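In what follows, a structure is listed as structure tokens, so that the remarks can point back to it.
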Amino acid sequence: MEEILKFETVGQYNIFNNHETLHPLVSVIDFSKAKPRKLRRLYFGFYAVLLKDVKCGDLRYGKNLYDYQEGTLVFIAPGQIVGIESSDELYQPKGYGVVFHPDLIRGTALGRHIDEYTFFSYNVNEALHVSERERAMILDCFAKIQYELEHSVDKHSKTLIATNIELLLNYCVRFYDRQFIIRDNANKGILERFEKLLGEYFSSDKPETIGLPSVGYCAGELHLSANYFGDLIKKETGKSAQEFIQLKLIDVAKERIFDKKKSVSEIAYGLGFKYPQHFSRVFKQHVGMTPLEYRSSVN
């Protein structure tokens, strides 16, 4: 069975990277200090923001060709396994990273909304590719956190460390917004493909056999993680992916209601609803009238 290296604590990861542990719950790591290692899959019991200094297409960070060579930011949440299958090849890791345990941010503003940073659930091929100027901003945030780790502990330490991590993550939100706009090769046609996917879905027997299309299903068909896909659609349309699906659903429903040979129940089942009452409720929420009222209004 393939070996997976497990790191439950920040201290264990520091040892692995030949780093001193200044704080048991958070660390800023310079990977150049680590010894050459073999490729392995890694399990993390904490959050990690890793700035990889790599050339395009480096196997250690996925087999995709990236359009930014200055650096790649990878985000890891507790419980995730990252990396590729084991190899006997030795390589020298490069770059920097901030790792922090969930216990560090409990009771802080960051701890209350850490789940809002959806990029912690993006796939590796959806990593953030930063420009040289953005890279400098990231490293400045790392430096501020490192300063606090080297400063003698006082009543302000936890708040300032958590605040600087939050600042780092907020910059990453901005940089991802930029990436959604300019990475045409990676995102080109996603919206069009999404619309086509929904059209084909409702034209098939899938609604009756699978049910209503979910965001997860659509993301999978487009080879994206659900969070990245949802954030991308929100950026492109101003609507969530779920809202987009429902609008398409209502458009299809309006067309089918014209067919008087079909009852509302048959239309509901054909769209993927388990219960006609649910379909009627959703339809009225969007249209302002029931399916039968809509059918009468267009005659």
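The values are calculated or read from the model by the stated rules, or taken from the named source; none is laboratory data. Just so we're clear, the structure is a prediction, and the values are computed from it rather than from any experiment. Cβ: placed from backbone, ideal geometry, glycine included. Neighbour counts: every protein chain shown.
Does the range 233-251 include one or more residues that are of a type in the set (A, V, I, L, M, F, W, C) and in a loop (DSSP other than H, G, I, E, B)? Outline the logic, then answer.
The initial filter retains those residues of the range 233-251 that are of a type in the set (A, V, I, L, M, F, W, C), namely 233, 241, 244-245, 247, 249-250.
Those still in the list that are in a loop (DSSP other than H, G, I, E, B) too: none.
Within the range 233-251, none of the residues are of a type in the set (A, V, I, L, M, F, W, C) and in a loop (DSSP other than H, G, I, E, B).
Give the number of residues within the range 242-266 that are of a type in the set (Val, Ile, Thr) and under 28 Å from residue 226 (Cα atoms). Outline the logic, then answer.
Going through the range 242-266, the residues of a type in the set (Val, Ile, Thr) turn out to be 245, 250, 252, 257, 264.
From the residues that got through so far, the ones that are under 28 Å from residue 226 (Cα atoms) too are 245, 250, 252.
Of the residues in that region, 3 qualify.
Please tell me if residue 244 is in contact with a Pro (Cβ under 7 Å, 6 or more places away or on another chain) and closer than 30 Å to residue 190 by Cα.
Details: in contact with a Pro (Cβ under 7 Å, 6 or more places away or on another chain): no; closer than 30 Å to residue 190 by Cα: yes.
Considered against the rule, which asks whether it is in contact with a Pro (Cβ under 7 Å, 6 or more places away or on another chain) and closer than 30 Å to residue 190 by Cα, residue 244 comes out as no.
Given the criterion surrounded by 14 or more Cβ atoms within 10 Å (Cβ to Cβ), modelled with pLDDT under 95, in contact with a Ser or Thr (Cβ under 8 Å, 6 or more places away or on another chain) and farther than 20 Å from residue 120 by Cα, identify the matching residue among 264, 287.
264 is the lone residue from the list that is surrounded by 14 or more Cβ atoms within 10 Å (Cβ to Cβ), modelled with pLDDT under 95, in contact with a Ser or Thr (Cβ under 8 Å, 6 or more places away or on another chain) and farther than 20 Å from residue 120 by Cα.
State whether one or more residues within the range 150-160 are surrounded by fewer than 19 Cβ atoms within 10 Å (Cβ to Cβ), hydrophobic (A, V, I, L, M, F, W, C) and assigned by TED's automatic domain parsing to the domain that holds residue 73.
Looking for residues that are surrounded by fewer than 19 Cβ atoms within 10 Å (Cβ to Cβ), hydrophobic (A, V, I, L, M, F, W, C) and assigned by TED's automatic domain parsing to the domain that holds residue 73, one finds at least one in the range 150-160, hence yes.
Kindly provide the set of residues from the range 94-133 that are out of contact with any Gly (no Cβ under 8 Å at 6 or more places or on another chain), more than 19 Å from residue 81 (Cα to Cα) and in a loop (DSSP other than H, G, I, E, B), ordered by number.
If the condition is that a residue be out of contact with any Gly (no Cβ under 8 Å at 6 or more places or on another chain), more than 19 Å from residue 81 (Cα to Cα) and in a loop (DSSP other than H, G, I, E, B), then 94, 106, 107, 108, 131 are the ones that fit.
Can you go through 219, 136 and tell me which one is farther than 30 Å from residue 27 by Cα and either out of contact with any Pro (no Cβ under 9 Å at 6 or more places or on another chain) or part of a loop (DSSP other than H, G, I, E, B) (or both)? Can you show your working first?
Details: 136 fails: farther than 30 Å from residue 27 by Cα.
So the residue among 219, 136 that is farther than 30 Å from residue 27 by Cα and either out of contact with any Pro (no Cβ under 9 Å at 6 or more places or on another chain) or part of a loop (DSSP other than H, G, I, E, B) (or both) is 219.
Picking from 211, 199, 189, which residue would you name as being surrounded by fewer than 16 Cβ atoms within 10 Å (Cβ to Cβ) and modelled with pLDDT under 90?
On the way: 211 fails: modelled with pLDDT under 90; 199 fails: modelled with pLDDT under 90.
Answer to the selection: 189.
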